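Enquirer: Quick one: structure below, then a few questions.
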Amino acid sequence: MPSLHLIRHARPALDPTTPAGEWHLAADGSVDALRRSAALPETAAWFTSPEPKARETAALLGPASATVVADLREAGRGDGWFADPAAFERAVAGFLTDGTIPPGLAWETRAAVTARIVAAVEGILAANPGRDCVVVGHGTALTLLVASLTGAAPDAVAWRSLAMPDHCSFAREPDRLRWLSRWGEWRRGVQSRHGSGR
């Protein structure tokens, strides 16, 4: 049965002087553990957000020929910078749960982000029947995608727990998508194969 795999990009190098959509991966933004895991399909059609941190993650994990899909980009947040990480987390949590946009900031609406990423992934799946598909993207947009795919409310708690990189997957059944592995479950497989380190 074919599957859909979602990957949140690896850790970027933060640069408050540059829009987040232009950030590249940090030098230590390792994808080695995810690459070593059994989570990723051996052969698949790969798709990525156009943002550098996503494209670079896809190149480290998959084929060099990952297809760039503009609508897989992260939720648009303009050039606003949060010096306080906790304030950023609160802002994104409010955005996910209530659609709240912080005062004075020109963020893309939650409805708009959801509509474009769902349409993009539905298009990918329709164009690749019977194939495993891997989508590399971003935490907020992928959280909204998962909510739509599962019929659940956007999960701000799950968003807060996402690693960089992280992975989840779904079985592509004829009339629905069914969870295969939730965010972070791939790490348990890596730990069990390599021991506890003691």
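What follows draws every value from the coordinates through simple rules; no lab data is involved. Not measured: the values here are computed from a predicted model. Reconstructed Cβ throughout: ideal geometry from the backbone, glycine too, with neighbour counts over all protein chains shown.
Enquirer: Hey, could you grab the Kirkwood Rh for the chain? Inverse mean 1/r over distinct alpha carbon pairs, Å, one decimal.
Expert: Working: mean 1/r = 0.0581 Å⁻¹.
That comes to 17.2 Å for the chain.
Enquirer: What's the local net charge at residue 50, with K and R +1, D and E -1, over the other residues with C-beta under 11 Å away? Provide the component values of the computation, followed by the final result.
Expert: Working: positive: 53, 55, 73; negative: 22, 51, 71, 74.
That works out to -1.
Enquirer: Another question about this same structure. Taking only C-alpha pairs under 8 Å that are 6+ residues apart, what is the relative contact order of the stretch 3-194 in percent?
Expert: Numbers: 331 pairs, mean separation 61.2, N = 192.
Over the stretch 3-194, the number comes to 32 percent.
Enquirer: What percent antiparallel are the DSSP beta bridges of the stretch 3-194, to the nearest 5? Could the numbers behind the result be given before it?
Expert: Values: 12 of 23 bridges.
The answer is about 50 percent antiparallel.
Enquirer: I would also like to ask the following. Report the calculated FRET efficiency for residue 13 and residue 90 (r = Cβ-Cβ distance, R0 = 25 Å), to the nearest 0.05. Before the final figure, lay out the partial values.
Expert: Values: r = 24 Å, r/R0 = 0.94.
The value I calculate is 0.60.
Enquirer: What dipole magnitude, in Debye to the nearest 20, does the stretch 72-198 give about its Cα centre under +1 on Lys/Arg Cβ and -1 on Asp/Glu Cβ?
Expert: On the way: 15 positive and 13 negative charges, 98 e Å.
Once rounded to the nearest 20, the dipole reads 460 debye.
Enquirer: Among 91, 167, 10, pick out the residue whose Cα is farthest towards the positive end of the charge dipole of the chain, where Lys and Arg carry +1 and Asp and Glu carry -1 on C-beta, about the Cα centre.
Expert: 167
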